[in-house]
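For reference, the structure discussed in these notes is given below.
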Amino acid sequence: MTPEQRTLAIWGGGFAVAVIAGWIVLGARGETLAQKQGQAEELEKKYQDLYPEEGLVAADARTKWKASLDLQEAALHEAETALVPPLPRAYTDTELGTASAQVHTDLQYLKQKGQRQGAKMPAALPFEEGLDQDPLQRAIQLAQLHLYREVVDACLEAGTLRLGSVHVVKGPTDPQGKYALMLCDLELDLTFEQVDQLLLDLVQKQHRKGIGLRSLSLDQARDGSQHVGLTVSLMVANDPAWGLKAEVPKAGAKPGTAAPAGGSRLNRLGGG
């Protein structure tokens, strides 16, 4: 083989090796590309499962949102019914004659019950002198009447020895103005066992009527009886026409009216 032929053979062999190496590289890259394409197709299927075509996701989201909203509204209604039950019908008719008749009925009931049990009653109870001429104010007074009628009845059931005073006031509304509090302060004398019975009644029975204990003070007398100061509340649906102001809690301040000073005191939010 001449030198020229040898040189040509070397270049020809080198070219063949380069072609073979190129095919090997392209084959390897082709295999990698095929794998990547397969992975991409799998990811595309998963993406389509997670994100269906436009319109379906929004519809499903609205359906789920509506179902969640319905559950929340049902739970809210259930809580409101338990904590803010509607007033009995007898305390919702603000016609002056009808409302005055209800006051007379309740006062007679409480006074006669106290007399039968030998309990000393106050000289006068709220609204004994009559109701307001304004029907809006009468609506508030009827709610207050319902509150103190139920609580005084519970005090007499517990065996109250003396009912010193009963004082009702208009409380505030919640910050949104949806609910209003009617407040009642009472002073009475009971034995320790009767206090226990009264508190049990307030928790087990009156709370279901929307009535709550806000504060309690106890002072023991020399004869062993307990001088008790109570502040109770009734939560009702607020009428904006009543003009009640919203309560804005202050740091360190306790909501509601203060219980009579002295003795030990228990505080909790009442009436809901």
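Among the numbered conditions (1) among the hydrophobic types (A, V, I, L, M, F, W, C); (2) surrounded by 10 or more Cβ atoms within 10 Å (Cβ to Cβ); (3) at pLDDT below 80, the only one that ALA119 does not meet is (3). Within the option set LEU202, LEU183, being part of a helix (DSSP H, G or I) and buried (at least 17 other Cβ atoms within 10 Å of the Cβ) holds for one residue only, LEU202.
Here is the figure for the range 222-239: residues that are without any contact (Cβ under 8 Å) to a residue 40 or more places away in the chain and surrounded by fewer than 18 Cβ atoms within 10 Å (Cβ to Cβ) total 3.
So that you can scan it fast, the table gives a plain yes or no per residue for (1) surrounded by 14 or more Cβ atoms within 10 Å (Cβ to Cβ); (2) within 19 Å of ASP153 (Cβ to Cβ); (3) at pLDDT 95 or above:
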{"residue": "ALA67", "(1), (2), (3)": "no, no, no"}
{"residue": "ALA75", "(1), (2), (3)": "no, no, no"}
{"residue": "LEU83", "(1), (2), (3)": "yes, no, no"}
{"residue": "ASP93", "(1), (2), (3)": "yes, no, yes"}
{"residue": "HIS104", "(1), (2), (3)": "no, yes, yes"}
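Among residues of the range 77-101 that are in a loop (DSSP other than H, G, I, E, B), those with a Cβ under 7 angstrom from a residue that is basic (Lys, Arg) and at pLDDT below 90, sequence gap 6+ or separate chain, pair up as PRO85/LYS209. When GLY114, GLY171 are screened for being in contact (Cβ under 8 Å) with a residue 60 or more places away in the chain and either under 25 Å from LEU216 (Cβ atoms) or among the charged types (D, E, K, R) (or both), only GLY171 passes. For the range 135-180, taking the residues that are assigned to a helix (DSSP H, G or I) and in contact with a Phe, Trp or Tyr (Cβ under 7 Å, 6 or more places away or on another chain), the one that is surrounded by the fewest Cβ atoms within 10 Å (Cβ to Cβ) is identified as LEU136.
The values are calculated or read from the model by the stated rules, or taken from the named source; none is laboratory data. All values reported here derive from a predicted model rather than from experimental measurement. Positions of Cβ are backbone-derived with ideal geometry, glycine not excepted, and every protein chain shown enters the neighbour counts.
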